[in-house]
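The values are calculated or read from the model by the stated rules, or taken from the named source; none is laboratory data. Since the model is a prediction, treat every value here as computed from it, not as a measurement. We place every Cβ from the backbone using ideal geometry, glycine too, and count neighbours over all the protein chains shown. Note: areas computed on protein heavy atoms with side chains; ligands, DNA, RNA excluded. Shrake-Rupley method; radii C 1.70, N 1.55, O 1.52, S 1.80 Å.
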Amino acid sequence: MKLSRPVSWFLLAFGVWSWFIWITFVKNLWQDGSGLAFDDAGEPTGYFWVHLLLAITSFLLGTAVGAIGLRGVRALRDQRT
């Protein structure tokens with residue numbers, strides 16, 4: 001399969017964006033003081049575990065999508081030379 005230049009760059013940008021957003025989210029989740037992520041004893045709640053699982057899944061999917069985009073960009077660059 002051959003990806004176009006815009007699609008390749010979009011997939012690469014999506015992968016980078018996914019990592020940026022979810023790293024920020026996990027930092028905020030870890031430092032949560034509202035009582036949602038950690039109970040009064042400092043133990044993680046169900047909210048914490050569900051959102052941590054969402055973040056890990058998004059890291060994996062963002063990495064896969066970004067890798068596809070990077071391969072597309074590299075293939076287009078190799079085609080030019």
Item to complete: Please tell me if Leu3 is outside any helix (DSSP H, G or I) and either of a type in the set (Phe, Trp, Tyr) or in contact (Cβ under 8 Å) with a residue 60 or more places away in the chain (or both).
Response: yes
Worksheet entry | Conditions (1) surrounded by 13 or more Cβ atoms within 10 Å (Cβ to Cβ); (2) in a helix (DSSP H, G or I); (3) not charged (D, E, K, R): number failed by Leu53 | (1)
Fill in: Failed condition for Phe38, given (1) out of contact with any strand residue (DSSP E or B) (no Cβ under 8 Å at 6 or more places or on another chain); (2) buried (at least 16 other Cβ atoms within 10 Å of the Cβ)
(1)
Item to complete: Would you mind finding the one in Leu54, Leu29, Leu70, Leu76 that is under 11 Å from the mean Cα position of the chain (by Cα) and of a type in the set (A, V, I, L, M)?
Response: Leu54
Worksheet item: Only one of (1) in contact (Cβ under 8 Å) with a residue 60 or more places away in the chain; (2) open to solvent by less than 60 Å² (accessible area, probe 1.4 Å) fails for Ile68. Which number is that?
Response: (2)
Discussion item. Can you go through Gly35, Gly42, Gly46 and tell me which one is of a type in the set (Gly, Ala, Ser) and modelled with pLDDT of 95 or more?
Written reply: Gly46
Worksheet entry | All positions within the stretch 6-33 that are part of a helix (DSSP H, G or I) and of a type outside the set (A, V, I, L, M, F, W, C) | Pro6, Ser8, Gly15, Ser18, Thr24, Lys27, Asn28
Response to the item:
Of the residues in the stretch 1-18 that are at pLDDT 95 or above and open to solvent by 100 Å² or more (accessible area, probe 1.4 Å), the one that is nearest to Arg80 (Cα to Cα) is Trp9
Worksheet item: Can Phe14 be described as on the phi < 0 side of the Ramachandran plot and in contact with a strand residue (DSSP E or B) (Cβ under 9 Å, 6 or more places away or on another chain)?
Response: no
Fill in: Given (1) closer than 30 Å to Leu76 by Cβ; (2) touching a Phe, Trp or Tyr at 6+ places or on another chain (Cβ under 7 Å); (3) outside any helix (DSSP H, G or I), index of the condition Leu36 fails
(1)
Worksheet item: Would you pick out the residues in the stretch 37-51 that are among the aliphatic types (A, V, I, L, M) and under 22 Å from the mean Cα position of the chain (by Cα)?
Response: Ala37, Val50
